[in-house]
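Asks: Have a look at the structure that comes next, please.
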C-alpha cells in the first residue's frame, strides 16, 4: 500500500466527521490517500507545486469541494491549477 506523502498534514484525511461518514469518502481515501492514485490527487499535486497553503481545506482529492461546501473561497492559484489539471488530463 502506498501512502500519500502529505497525508499527515492533509485537511481531507482529517476532515470533519460529518464528511467521514459518507460512503464515497472512504473510497476516495482508499484510492487517493492509501492506494494506486496517490500521484493523481489534485490536493497532492497543488501542494507539491505551490505549497500546502494553496490547497483549500474543503477540496477533495479529485478537485471538487466537499459536499455542501463551495469554491468561492479558493485562491486563484487553486482554481486555475484545478482547471489546468482537468484540461491536461482530459
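Each reported figure results from applying straightforward, stated rules to the coordinates on display, with no laboratory input. If you're wondering where the values come from, they're calculated on a predicted model, not measured in any experiment.
Asks: Which one, 52, 31, 18, has the greatest fluctuation when you compute a Gaussian network model over the chain with C-alpha springs under 10 angstrom?
Replies: 18
Asks: Quick one: what do you get for segment 7-89 if you divide its Cα Rg by 2.2 N^0.38 Å?
Replies: Output field value: 1.01.
Asks: Given the options 11, 24, 78, which has the most mean-square fluctuation in a GNM of the chain, springs set between C-alpha atoms less than 10 angstrom apart?
Replies: 24
Asks: For the chain, set up a GNM with springs between Cα atoms under 10 Å and report which of 29, 17, 40 has the largest fluctuation.
Replies: Of 29, 17, 40, the Gaussian network model singles out 17 as fluctuating most.
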